[in-house]
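Reading through the structure tokens given below for one structure.
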Amino acid sequence: MASILNNSIAKDAIRLFGKSSSRLFCLRCERKYFLALANGTTSRRHLHESTISKHVPDFAFAFDIDGVLVRSSDPLPRAHKALSYLQSQRIPFILLTNGGGKHETERVEELSKKLEVPLDTSNFIQSHTPFADLNQYKEKTVMVVGGDEDKCRVVAERYGFKSVVTPGDILVAHPEIWPFSAHLIPSYKEHARALTRQICSNADESLRIDAIFVYNDPRDWGLDATIILDLLLSRKGILGTISSKNNDKTLPNRGYQQDSQPPLYFSNPDLWWAAKYHLPRLGQGGFREAMEGLWTAITGGREKGVELKKEIIGKPYFKTYEFAEKILNRYREELFHGQAPGKLSRVFMVGDNPESDIRGANNFESPLGTEWFSILVKTGVYEEGEPPSCEPKAIVGDVLDAVQFAVDKSGWRDIDKSDE
Ligand code: G3P
Ligand code: MG
């Protein structure tokens with residue numbers, strides 16, 4: 001018993017925390033202790049670890065990031081304890097954020113350092129991560145919008161998209177396309193790429209965009225909105241053209257977006273998000289609402305039977321939760337490789353935003369029959385005292401309270417009593 005005990009946990013501890021780590025945290029006894037696991041000795045008092053590795057939890061966690069684990073770039077106080085406890089108990093979790101703007105590997109590295117918890121990309125999902133599966137556009141020319149500099153282009157290229165253009169590239173090549181960002185051209189030039197084709201009056205030679213992806217919160221709403229509108233009103237996504245089908249009453253959607261214009265993808269519907277400022281800040285959802293307003297002003301909008309056709313992913317949308325559940329189950333299989341983990345019965349979704357985290361978990365009907373249990377924390381968008389716009393299954397103080405609540409509810413702590 002003792003050697004199996006030491007070996008399996010020693011391997012886990014070294015895999016999770018590295019040879020010299022001492023950061024295992026025991027929720028039940030609230031005590032950090034130095035694991036002499038690396039050298040294969042441990043105290044009888046913590047026998048419960050062995051019982052745990054024998055028991056595969058039928059529950060897991062999905063943690064939101066902004067407002068739950070960090071506030072803008074600062075780690076929230078008890079985030080480290082919450083995640084390192086779960087790692088010590090081998091209770092699976094994924095990080096599921098509507099944020100993004102950097103490649104998953106870069107963001108995971110940053111977050112690991114901030115939270116002092118080893119993390120990796122196998123259980124990490126950003127708003128645009130599902131775009132990596134859109135293979136039909138990887139050989140086409142796509143426009144990627146949002147984020148700092150051209151970081152989102154780099155992400156798209158690492159997802160395998162071969163020809164990626166940004167609004168900044170277009171502005172640098174054609175400053176007249178949006179005169180009000182002329183003062184920004186010097187900074188755009190630092191990350192701009194030459195266009196494969198210029199915009200010109202000869203449609204056959206002009207630059208064509210086959211799909212538009214909003215990867216992250218746009219920084220220059222005016223420029224981004226103008227070029228997106230130019231593409232949605234164009235013929236076949238050819239910049240510099242206007243579709244003759246626009247405003248044709250005989251056509252569906254009054255002829256708008258009926259001329260092979262590029263599809264428009266948004267990765268994050270959040271109107272507000274919890275940043276450093278004490279009040280929530282506008283997010284990508286704010287930009288989309290502005291686009292909706294412009295589209296209505298241009299086309300007449302719903303009154304004229306016109307809608308802005310788009311695809312939105314991110315929390316609370318079904319596709320993002322389905323994607324997250326797939327990733328969580330794959331991660332769980334790997335974590336309990338060879339132990340036949342069985343069905344995942346419940347996922348605790350811990351979030352700060354009623355409109356995305358909570359609504360998404362409440363509405364998600366898992367194709368696998370897993371229950372998604374929503375827990376709202378008070379460390380982000382949600383302000384204590386106001387009724388949440390979407391009712392969670394539980395409201396707690398912070399992420400560690402959420403973990404404590406969930407493991408108690410799952411009766412996890414009781415395992416070793418039954419074994420003793
Ligand atoms: O831009 C990020 C923000 O919308 C929310 O991120 O981690 O709270 O889903 P998160
Ligand atoms: Mg959040």
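The values are calculated or read from the model by the stated rules, or taken from the named source; none is laboratory data. Only a predicted model underlies this, so the values are computations on that prediction, with no experimental measurement involved. Cβ: placed from backbone, ideal geometry, glycine included. Neighbour counts: every protein chain shown. The accessibility values were calculated without ligands, DNA or RNA, using every heavy atom of the protein model including side chains. Shrake-Rupley method; radii C 1.70, N 1.55, O 1.52, S 1.80 Å.
What ranking of ARG359, ARG281, ARG254 comes out by heavy-atom accessible area, probe 1.4 Å, highest first?
Reading off the accessible areas and sorting them downward yields ARG281, ARG359, ARG254.
For TRP178, TRP273, TRP295, write out the residues from largest to smallest accessible area, computed with a 1.4 angstrom probe and no ligands counted.
From most accessible down to least: TRP273, TRP178, TRP295.
Could you work out the pair-distance distribution P(r) of the stretch 299-420 from its alpha-carbon pairs, with 5 angstrom bin width and percents rounded to whole numbers?
Using 5 Å bins, I get a P(r) of 2, 10, 16, 16, 18, 14, 10, 7, 4, 2, 1, 1, 0, 0, 0 for the stretch 299-420.
Return one whole number: the accessible area per residue of the chain in Å², for a 1.4 Å probe.
Per-residue value: 45 Å².
If amide H atoms are built 1.01 Å from N in the plane of the peptide, which residues on other chains or at least 5 residues away come under 5 Å of the amide H of THR141?
Under 5 Å from the amide H of THR141: ASP210.
Using modelled backbone amide H atoms (1.01 Å from N, in-plane), which distant-in-sequence or interchain residues come within less than 5 Å of MET349's amide H?
ALA62, PHE373, SER374, ILE375
About the Cα centre of the stretch 203-298, what is the dipole size in debye to 20, counting +1 per Lys and Arg Cβ and -1 per Asp and Glu Cβ, all else neutral?
Approximately 180 debye in magnitude.
Just reorder SER73, SER267 by solvent-accessible area, largest first, 1.4 Å probe, all chains present.
These residues rank, largest area first, as SER73, SER267.
If you filter the stretch 107-201 for GluC sites (Glu not before Pro), then keep DSSP loop positions with at most 16 other Cβ within 10 Å, what is left?
For GluC sites (Glu not before Pro) across the stretch 107-201 that sit outside H, G, I, E and B with at most 16 neighbouring Cβ atoms in 10 Å, the list reads GLU116, GLU139, GLU149, GLU190.
For ASP398, which sequence-distant residues (separation of 5 or more, or a different chain) have an amide H within less than 5 Å of its own amide H, given hydrogens modelled in the peptide plane?
Amide H neighbours of ASP398, under 5 Å, 5+ apart: LYS378.
To the nearest 10 square angstrom, how much accessible area does ASP414 have with a 1.4 angstrom probe?
80 Å²
Where does the chain land on the Kirkwood hydrodynamic radius, alpha-carbon pairs, in angstrom?
Averaging 1/r across every pair of different Cα atoms and inverting gives 23.4 Å.
Straight-line reach from LYS249: which lysines fall under 23 Å, measuring Cα to Cα and dropping same-chain residues less than 8 apart?
LYS236, LYS304, LYS309, LYS310
Go through the stretch 164-252 and name the trypsin sites (Lys or Arg not before Pro) that are in a DSSP coil and have 12 or fewer other Cβ atoms within 10 Å of their Cβ.
Of the trypsin sites (Lys or Arg not before Pro), the ones in loops of the stretch 164-252 whose Cβ has at most 12 other Cβ atoms within 10 Å are LYS249.
At a probe size of 1.4 Å, how large is the accessible area of LYS81, to the nearest 10 Å²?
Looks like 80 Å² after rounding.
Return the single residue from GLN404, GLN136, GLN87 with maximal mean-square fluctuation; model: Gaussian network over the chain, springs between Cα atoms under 10 Å.
Of the options given, GLN136 has the highest mean-square fluctuation.
What figure in square angstrom, to the nearest 10, would you give for the accessible area of ASP248 with a 1.4 Å probe?
50 Å²
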